[in-house]
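The values are calculated or read from the model by the stated rules, or taken from the named source; none is laboratory data. As the structure is a prediction and not an experimental result, all values here were calculated from the model. Because the Cβ atoms are built from the backbone with ideal geometry, glycine has one as well, and the counts that use them run over all protein chains shown.
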Amino acid sequence: MKVVVFCKSVPDTETRVRLKDNRLDKSEIKYILNPYDEFAVEEAVRMKEAGKVDEVVAVSMGPERAREALRSALAIGADRAILIKDDALDGSDTYVTAKVLVKALEKDGVEYGMLLFGQQAIDGDTWHVPGQVAEMLGLPQAGSIIKLEVDPDAGKAVANRLVEGGEEVHEMALPCVVTCRKGLNEPRYPSLPNIMKAKRKPVQDYSLADLGLSPEEVGRAGSFTEVLSYSLPPKKEAGRKVEGEPEEVVQELVKFLKDEIKVL
Amino acid sequence: MRFEFTEEQRMVRDMVRRLADEELKPRAAEMDKKGEIFPEIYQQLAELGLFGVYVPEEYGGAGMDVVSYATVVEELSRGCASTGILVSAHTSLVVDPILHYGTEEQKQKFLMPLAKGEKIAAHAMTEPGAGTDVVSIATTAKRDGDHYILNGTKHFITNGKEASIYLVFAMTDKEKRHKGMSAFIVEKDAPGFSIGKLEHKLGIRASSTAELIFENCRIPAENLLGEEGQGFYIAMHCYDGGRIGVAAQAVGIAQAAYEEAVEFAKTRVQFGQPIANFQAIQFKLADMATMIEAARLLYLKAAWLKQEGKPYYQLSAMAKLFASDVAMRVTREAIQVHGGYGFTEEYPVERHYRDAKITEIYEGTSEAQRLTIARNLLKG
Amino acid sequence: MSVWVIADQRKGTLRKPALETLSEGRRLADQLGTSMEAVIAGHNVEGLCNEIASYGAEKVYLIDHEILANYNPPAYARAVGDLIKDKQPQIVLMGGTMTGRDLMPRIAARVGAGLAPDCIKLEIVDGKLKAIRPAIAGKVRVEIGYKSDIQMAILRPNVFERLEPDTSKTANIEKVPFEPSDLDTKQRLVEFVSKETGRPELTEAEIIVSGGRGMKAPENFALVEELADLLGAAVGASRAAVDAGWRPQSDQVGQTGKTVSPNLYIAVGISGAIQHLAGMSSSKFIVAINKDPDAPIFNVADFGVVGDLFKVVPLLTEEIKKIKAQEG
Ligand SMILES: Cc1cc2nc3c(=O)[nH]c(=O)nc-3n(C[C@H](O)[C@H](O)[C@H](O)COP(=O)(O)OP(=O)(O)OC[C@H]3O[C@@H](n4cnc5c(N)ncnc54)[C@H](O)[C@@H]3O)c2cc1C
Ligand SMILES: Cc1cc2nc3c(=O)[nH]c(=O)nc-3n(C[C@H](O)[C@H](O)[C@H](O)COP(=O)(O)OP(=O)(O)OC[C@H]3O[C@@H](n4cnc5c(N)ncnc54)[C@H](O)[C@@H]3O)c2cc1C
Ligand SMILES: Cc1cc2nc3c(=O)[nH]c(=O)nc-3n(C[C@H](O)[C@H](O)[C@H](O)COP(=O)(O)OP(=O)(O)OC[C@H]3O[C@@H](n4cnc5c(N)ncnc54)[C@H](O)[C@@H]3O)c2cc1C
């Protein structure tokens with residue numbers, strides 16, 4: 001069985017966000033492989049090591065720097081990679097992103113048994129793309145999983161979704177889509193020999209034309225949503241301090257908890 | 001001129017930085033207290049290929065370059081200085097000379113397991129009576145058929161406790177002075193070899209520093225590294241490269257202390273504001289950052305020269321001299337920024353301060369570096 | 001051109017975010033001068049239609065089938081998505097439960113509509129939806145505009161105000177037939193493993209209640225524990241409490257303990273030393289209970305109660321119990 005892992009290049013979690021002309025100032029951002037995607041790559045590589053999978057393909061849509069994210073996936077143990085890169089893709093919403101990823105799968109022709117995603121990309125943070133891909137391909141899906149058992153011979157997978165108050169255990173026919181999160185595994189550090197090997201693993205570049213898509217179908221032009229503006233979150237208001245009879249102060253505290261910050 | 005890491009170098013740095021943050025930093029204080037580097041750390045370093053960074057793949061290494069290696073030492077040292085010197089002493093002082101001077105058989109037998117991290121190496125030159133003046137070592141090696149017999153005592157040997165392969169320097173011909181020194185590969189189980197006392201130290205306490213005793217220690221003649229009489233040159237080769245490692249270690253220690261100082265200055269409030277608002281504190285931080293950057297560039301240049309096969313010993317001596325001084329100054333100022341907190345064991349800067357000192361001493365004291373640099377300047 | 005809400009139910013009960021979403025849906029519909037309609041999918045869930053109506057839905061589409069008894073992403077997406085394609089509402093909303101965040105992208109892909117997740121505010125501008133949401137781990141806030149005729153959004157739980165239900169309201173219930181397809185059988189929820197017991201892990205908890213030296217004795221931590229359990233919170237401690245042996249080391253919050261950033265941090269009898277603050281000052285909201293009005297913890301608290309914890313905490317616990325009891 002072959003599996004595909006979707007990898008996004010995202011700003012490092014430590015990055016301080018700055019705005020310039022109402023847009024993100026990307027000049028000083030350091031980019032990394034989306035941490036949630038590391039769980040996905042790790043899971044795929046473990047399946048390969050367990051003899052259940054014979055090829056792990058990493059796919060990314062993004063600018064040139066996405067190649068580094070793919071390189072990281074290859075260093076963890078993916079076998080080859082696909083980079084979809086085209087200036088026209090800038091500004092694509094999640095629907096377009098999913099559409100392009102599906103096209104790349106078709107173009108490559110890989111006969112996948114499973115598509116693995118991160119639960120979310122830590123920048124766009126929508127959690128959309130995996131479900132959109134699953135629907136476009138008509139596949140079953142288990143999101144936010146913390147346990148996965150795959151039986152390629154029987155053509156099925158059992159996955160535990162972490163949800164409010166417990167775990168939903170889903171049984172799915174292959175091929176299927178899963179999205180990975182913390183708790184599923186501990187991603188390994190890429191070893192030096194594997195970093196060197198990653199350099200020699202093939203990365204296939206696709207342009208829009210390669211995928212048979214036109215610029216009007218993607219990017220801002222082809223999207224259903226657009227980011228109109230950015231702003232920094234409002235600063236915290238100064239706190240308040242109440243003194244008095246315990247009964248009274250507790251009433252005020254309860255009001256604060258219930259009505260203002262809504263934790264009750 | 002391109003001041004940029006290659007993609008692989010960057011990946012290595014990022015990986016080791018993360019390893020240091022997640023695995024070393026949280027344990028460094030405990031390892032310092034217990035006086036050992038935990039076995040799982042050795043295991044992990046080995047699995048990641050950090051014991052043979054620039055050893056070619058055919059000898060079990062990662063096949064990378066000297067710049068990657070030096071960066072690995074800096075990043076490890078940022079998390080735990082003892083772990084930094086573990087890798088540096090292993091690589092620069094034993095792996096490198098075997099790679100350079102070893103026979104094919106020696107490479108297969110010794111380099112392979114060392115590069116893979118299956119075995120740890122130690123370098124044994126210093127003796128109670130011979131420190132900076134290495135030519136005065138008293139350990140002797142006498143040929144006996146197809147064996148050598150070693151007699152003498154070494155001390156202050158890094159990795160002495162954990163190693164199973166030792167590179168030992170001994171006089172094969174005392175009369176010939178430095179031309180009478182030879183280098184031998186000694187395995188831990190060699191008859192007549194034993195480990196003596198372990199030092200209690202000011203800093204790098206997790207790193208073992210051992211006494212080694214050779215009492216009619218018999219080793220096969222094929223364990224001679226290079227030729228008889230080549231030992232002094234091999235040793236100098238070791239230290240030229242080792243200084244890059246120690247310089248990188250010093251920068252790692254300084255970087256760690258600096259980061260702590262910045263964090264503390266931003267959170268510590270006095271006179272109603274973070275102390276980072278005070279110019280006296282700001283200037284300290286600015287000086288630290290500048291010194292660290294300069295020291296880093298020096299060791300990176302030395303590493304690059306070595307990688308390119310160009311003369312680098314002058315640069316590596318400068319890098320070590322400067323970086324060790326920077327480590328001392330930065331760690332001292334980092335404690336100052338912390339005030340009384342920095343003086344307690346609860347904050348890591350106290351450990352960084354203790355760890356920094358050794359970088360001015362081993363692999364040639366700062367005085368010895370100045371001698372080397374000056375001799376070089378004035379020659380010819 | 002109505003506003004739709006997909007009403008999320010689990011085991012035959014409407015989920016709280018669904019009620020908030022219905023309330024917001026009503027507000028938007030009023031603003032647009034259109035109707036608010038709801039969709040509910042499940043099995044034997046007809047009984048929920050009245051409750052949905054009480055939040056202002058004028059019409060409820062009921063899709064009832066045994067395949068929909070448990071959450072099944074392909075089946076739910078097909079059932080609801082095809083209905084949306086057929087009826088063409090302008091706006092489709094769902095609450096951001098783990099089901100909502102999983103299902104809505106599938107529906108949006110099926111329908112071919114723009115979707116914004118994790119919204120904290122919704123507006124109507126020039127007759128179209130505009131969504132406001134945080135992104136990049138809360139470091140920025142963005143406004144999302146739509147170009148599609150159908151505009152979809154997922155609402156962050158606990159943010160939108162829930163209306164008082166009006167049980168006199170009724171809705172027109174339309175049963176929508178559901179034809180099973182091959183795809184539905186490719187996925188099945190086989191088990192729900194309940195994990196309601198035990199407290200959450202400190203670093204993952206939404207709410208943390210921490211006690212300090214002010215607790216005076218280990219047995220008094222029962223006060224903190226009771227409050228924590230009521231709130232589904234984790235229990236933390238200052239170093240003073242840990243050093244005294246009242247709490248395990250693993251509970252320590254601060255410089256040399258754990259760094260936490262819950263939604264709400266309640267510090268009880270903790271002075272707020274810099275080392276403690278280092279571990280919790282990034283919490284979204286901080287409540288402090290301390291008898292010393294000059295305790296530094298009040299400098300970082302959003303809400304500070306100056307008072308004796310042995311009086312304040314039991315009262316607080318009582319009040320919260322009352323509220324929980326009302327909610328049922
Ligand atoms: C601040 C901000 C807000 C945005 N808000 C919205 C919005 O509300 N609605 C909307 O439709 N779009 C939005 N976008 C656009 C959206 O981020 C992009 O379409 C992006 O390509 C995919 O969405 P995501 O980053 O949220 O990924 P998610 O859907 O959160 O990612 C989940 C997983 O999908 C895979 N994946 C995602 N992107 C890629 C990729 N490019 N290549 C390979 N695998 C990938 C990865 O496995 C990832 O872990 C926003 C963008 C920004 C910067
Ligand atoms: C923790 C630790 C780990 C070590 N690890 C190893 C190891 O793995 N392998 C190994 O072989 N050795 C090791 N050493 C030994 C180390 O290299 C020596 O300590 C160092 O070379 C100095 O030698 P010494 O201590 O005998 O000092 P000395 O040589 O006695 O020097 C004392 C002082 O005199 C100064 N001095 C000496 N000669 C001159 C001169 N000509 N001009 C001006 N000043 C001079 C020195 O700079 C120093 O300030 C280690 C030492 C320590 C403390
Ligand atoms: C190097 C170092 C590292 C440290 N790391 C940490 C760390 O990780 N975490 C940490 O927490 N601390 C740490 N500390 C300790 C820190 O400095 C404080 O000593 C500690 O946080 C104090 O704990 P406390 O607030 O519980 O106790 P105290 O400072 O004694 O405060 C107790 C508070 O309880 C209030 N109180 C007493 N009785 C009542 C009552 N009946 N009702 C209401 N209020 C009452 C008092 O007014 C007082 O404010 C560290 C210290 C050092 C030096």
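Among the residues of segment A:99-113, is there at least one that is more than 7 Å from chain C (Cβ to nearest Cβ), more than 15 Å from the chain's Cα centre (by Cα) and of a type in the set (S, T, Y)?
The answer is yes, given that some residue of segment A:99-113 is more than 7 Å from chain C (Cβ to nearest Cβ), more than 15 Å from the chain's Cα centre (by Cα) and of a type in the set (S, T, Y).
Which of the numbered conditions does C:S23 fail, given that it passes all the others? Conditions: (1) out of contact with any Gly (no Cβ under 6 Å at 6 or more places or on another chain); (2) polar (S, T, N, Q); (3) within 18 Å of C:V176 (Cβ to Cβ).
Result: C:S23 fails condition (3) only.
Has segment A:253-264 got at least one residue that is away from ligand 3 (no atom under 16 Å from the Cβ), in a helix (DSSP H, G or I) and among the aromatic types (F, W, Y)?
Among the residues of segment A:253-264, at least one is away from ligand 3 (no atom under 16 Å from the Cβ), in a helix (DSSP H, G or I) and among the aromatic types (F, W, Y), which makes the answer yes.
Might you let me know whether segment A:213-228 holds any residue that is within 15 Å of ligand 1 (Cβ to nearest atom), of a type outside the set (A, V, I, L, M), farther than 23 Å from A:P11 by Cβ and out of contact with any Lys or Arg (no Cβ under 6 Å at 6 or more places or on another chain)? I'd like the intermediate steps shown before the answer.
Keep residues of segment A:213-228 that are within 15 Å of ligand 1 (Cβ to nearest atom), which gives A:213, A:217-228.
Now narrow it down to the ones that are of a type outside the set (A, V, I, L, M): A:217, A:219-220, A:222-226.
Within this subset, residues satisfying the condition of being farther than 23 Å from A:P11 by Cβ are A:217, A:222, A:224.
Cutting the leftovers down to out of contact with any Lys or Arg (no Cβ under 6 Å at 6 or more places or on another chain) gives us A:217, A:222.
Looking for residues that are within 15 Å of ligand 1 (Cβ to nearest atom), of a type outside the set (A, V, I, L, M), farther than 23 Å from A:P11 by Cβ and out of contact with any Lys or Arg (no Cβ under 6 Å at 6 or more places or on another chain), one finds at least one in segment A:213-228, hence yes.
Quick check on segment B:352-365. Is at least one of its residues surrounded by fewer than 21 Cβ atoms within 10 Å (Cβ to Cβ) and basic (K, R)?
yes
Answer with yes or no whether C:I120 is within 14 Å of ligand 1 (Cβ to nearest atom) and either facing chain A (nearest Cβ under 9 Å) or buried (at least 19 other Cβ atoms within 10 Å of the Cβ) (or both).
Judged against the criteria, C:I120 is not a match.
Could you grab me the full set of residues in segment C:256-270 that are buried (at least 21 other Cβ atoms within 10 Å of the Cβ) and modelled with pLDDT under 80?
Within segment C:256-270, just C:G257 meets the criteria.
Mind checking which strands (runs of 3 or more DSSP E) fall wholly inside segment C:52-163 and carry at least 2 residues that are touching an Asp or Glu at 6+ places or on another chain (Cβ under 6 Å) and away from ligand 3 (no atom under 16 Å from the Cβ)?
C:59-64, C:128-135
Between a first residue in segment C:302-322 that is more than 9 Å from chain A (Cβ to nearest Cβ) and a second residue that is charged (D, E, K, R), which pairs have beta carbons less than 6 Å apart while being 6 or more apart in sequence or on different chains?
Listed pairs, sorted by first residue: C:T317/C:E226.
What do you reckon, is C:R162 more than 9 Å from chain A (Cβ to nearest Cβ) and under 26 Å from C:K85 (Cα atoms)?
Spelling it out, it is not the case that C:R162 is more than 9 Å from chain A (Cβ to nearest Cβ) and under 26 Å from C:K85 (Cα atoms).
Looking at segment C:136-165 only, could you name the residues that are among the hydrophobic types (A, V, I, L, M, F, W, C) and in contact (Cβ under 8 Å) with a residue 12 or more places away in the chain?
Passing the criteria: C:I144, C:I150, C:M152, C:A153, C:I154, C:L155, C:V159, C:F160, C:L163.
Restricting to segment A:71-104, name every residue that is in contact with a Gly (Cβ under 6 Å, 6 or more places away or on another chain) and in a helix (DSSP H, G or I).
A:A88, A:L89, A:V96
If the Cβ limit is 9 Å and pairs must be 6+ apart or interchain, which residue in segment B:184-203 that is away from every other protein chain (no Cβ under 14 Å) pairs with which residue that is within 16 Å of ligand 3 (Cβ to nearest atom) and charged (D, E, K, R)?
B:G203/B:D32; B:G203/B:R351
In segment B:187-235, which residues are within 22 Å of B:A130 (Cβ to Cβ), surrounded by 19 or more Cβ atoms within 10 Å (Cβ to Cβ) and of a type in the set (A, V, I, L, M)?
Listed by number, the residues that qualify are B:A190, B:I204, B:A210, B:L212, B:I219, B:L224, B:L225, B:I234, B:A235.
Consider segment A:247-258. How many of its residues are closer than 16 Å to C:I207 by Cα and either within 7 Å of chain C (Cβ to nearest Cβ) or surrounded by fewer than 16 Cβ atoms within 10 Å (Cβ to Cβ) (or both)?
Pass one, segment A:247-258, residues closer than 16 Å to C:I207 by Cα: A:253-254, A:256-258.
Among the residues that remain, those that are also either within 7 Å of chain C (Cβ to nearest Cβ) or surrounded by fewer than 16 Cβ atoms within 10 Å (Cβ to Cβ) (or both) are: A:253-254, A:256, A:258.
Number of matching residues: 4.
Look at segment B:301-346 and say how many of its residues are buried (at least 21 other Cβ atoms within 10 Å of the Cβ) and hydroxyl-bearing (S, T, Y).
Summing the residues that are buried (at least 21 other Cβ atoms within 10 Å of the Cβ) and hydroxyl-bearing (S, T, Y) in segment B:301-346 gives 4.
Let me confirm something: among C:L277, C:L264, which residue is at the interface with another protein chain (Cβ under 9 Å from one of its Cβ atoms), free of Cβ contacts under 8 Å to residues at least 60 places away in the same chain, more than 7 Å from ligand 3 (Cβ to nearest atom) and within 20 Å of B:T344 (Cβ to Cβ)?
It is C:L277.
What are the residues in segment B:5-44 that are without any contact (Cβ under 8 Å) to a residue 12 or more places away in the chain, closer than 28 Å to A:L74 by Cα and more than 13 Å from chain A (Cβ to nearest Cβ), if any?
Passing the criteria: only B:E40.
Looking at the structure I just gave you, is C:A288 away from ligand 2 (no atom under 16 Å from the Cβ) and assigned to a helix (DSSP H, G or I)?
no
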